[in-house]
1. Under the condition of being among the β-branched types (Val, Ile, Thr) and touching a residue at least 24 places away in the same chain (Cβ under 8 Å), which residue from the stretch 67-94 is nearest to Glu22 (Cα to Cα)?
2. Quick one: which of Gln83, Gln136 is out of contact with any strand residue (DSSP E or B) (no Cβ under 8 Å at 6 or more places or on another chain) and not assigned by TED's automatic domain parsing to the domain that holds Phe218?
3. Can you give me the number of residues within the stretch 10-33 that are free of Cβ contacts under 8 Å to residues at least 60 places away in the same chain, farther than 17 Å from Trp154 by Cα and of a type outside the set (D, E, K, R)?
4. Have a look at Leu52, Leu17, Leu21, Leu33 and point out the one that is over 18 Å from His147 (Cα atoms) and surrounded by 19 or more Cβ atoms within 10 Å (Cβ to Cβ).
5. Might you check whether a residue that is out of contact with any Phe, Trp or Tyr (no Cβ under 6 Å at 6 or more places or on another chain), aliphatic (A, V, I, L, M) and at pLDDT below 95 occurs anywhere in the stretch 52-63?
6. Hey, can you tell me all the residues within the stretch 131-146 that are farther than 17 Å from Met1 by Cα and either touching a residue at least 60 places away in the same chain (Cβ under 8 Å) or surrounded by 15 or more Cβ atoms within 10 Å (Cβ to Cβ) (or both)?
Amino acid sequence: MKHIAAVSGGKDSTAMLLRLLELKKTEPDRYPLDEVEFCDTTMEFPEMYEHLERLRAVTESAGVKWTTVKPEHDFEYWLYQHQYIHQRSGELATGYGWARPWARWCTGVMKQAGYEENGNAMYYIGIAADEKIRLQRKHNQKSRYIHPLVEWGWTEADCLQYCYDHGYDWGGLYRLYSGVSCWCCPLQPLSALKTMRAKQPELWARLREWTKRLRMTFAKTTRSTSSKSGLRSRMSWKAQG
């Protein structure tokens, strides 16, 4: 039976992978590891890609295969070029636009489309011991899923500290943001957007340009678009001129 570690590059999956690689040396039969799989959204932070490259090198030096899975097209294509039939209107539409809580197309298109799990493999999933809501979700309870962090009793804070102790700091990302998934996610909190504008202006400029092109408010919910206190109504470029 093949054993694969699903790695996103975040603190939890990184801590899991580093520990699995350690155990591979000392207790190879306890948690066997044959391969690492990373699904590239193409929209990770630049610092994350540097971190992932370092992880890949460490993984391969340990004799473990590293596989990167990419979507058929990049994010910009799906954002404002892809043509499809709108479910409600039945008309031809172009570009999905920014994701919304009720229409998270990016997860399906960028992470799940075209990716198939190996039915003959066991998967290590990096869910921390204190993420009870995630653990209770049906798709995380598959019989071929193993949750090492839960078995070890490692919390999210434990995972972050473990990574820091082993010299992994993502270029300081976790000191700027509470979460380090796709930098262009419209579902991130207002505080993260303010941090991006101040600390990573090059990414902020790309968000601004895309939002102008879409003529669509970069908003978490419809309610947030009317909040004048929310970073110019969460980047409503009509309001900014």
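1. Restricting to residues being among the β-branched types (Val, Ile, Thr) and touching a residue at least 24 places away in the same chain (Cβ under 8 Å), the top hit is Thr67.
2. Gln136
3. Going through the stretch 10-33 one residue at a time, the tally reaches 3.
4. Answer to the check: Leu52.
5. The answer is no; no qualifying residue exists.
6. The initial filter retains those residues of the stretch 131-146 that are farther than 17 Å from Met1 by Cα, namely 131-141.
Residues satisfying the conditions are Glu131, Leu135.
Yes/no matrix, rows are residues, columns are (1) outside any loop (DSSP other than H, G, I, E, B); (2) at pLDDT below 90; (3) at positive phi; (4) buried (at least 17 other Cβ atoms within 10 Å of the Cβ):
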| residue | (1), (2), (3), (4) |
| --- | --- |
| Cys182 | no, no, no, yes |
| Leu193 | yes, no, no, yes |
| Arg197 | yes, no, no, no |
| Met216 | no, yes, no, yes |
| Thr221 | no, yes, no, no |
| Ser224 | yes, yes, no, yes |
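To keep it simple, each residue is scored yes or no on (1) among the small types (Gly, Ala, Ser); (2) in contact with a Lys or Arg (Cβ under 7 Å, 6 or more places away or on another chain); (3) free of Cβ contacts under 8 Å to residues at least 40 places away in the same chain; (4) outside the structural domain of Glu35 (by TED's automatic domain parsing).
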| position | (1), (2), (3), (4) |
| --- | --- |
| Lys65 | no, no, yes, no |
| Tyr96 | no, no, yes, yes |
| Trp102 | no, no, yes, yes |
| Met122 | no, yes, no, no |
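The values are calculated or read from the model by the stated rules, or taken from the named source; none is laboratory data. Note that the coordinates shown come from a computational prediction; the quantities given were computed from them, not determined experimentally. Every residue, glycine among them, receives a Cβ derived from its backbone with ideal geometry; neighbour counts consider all protein chains shown.
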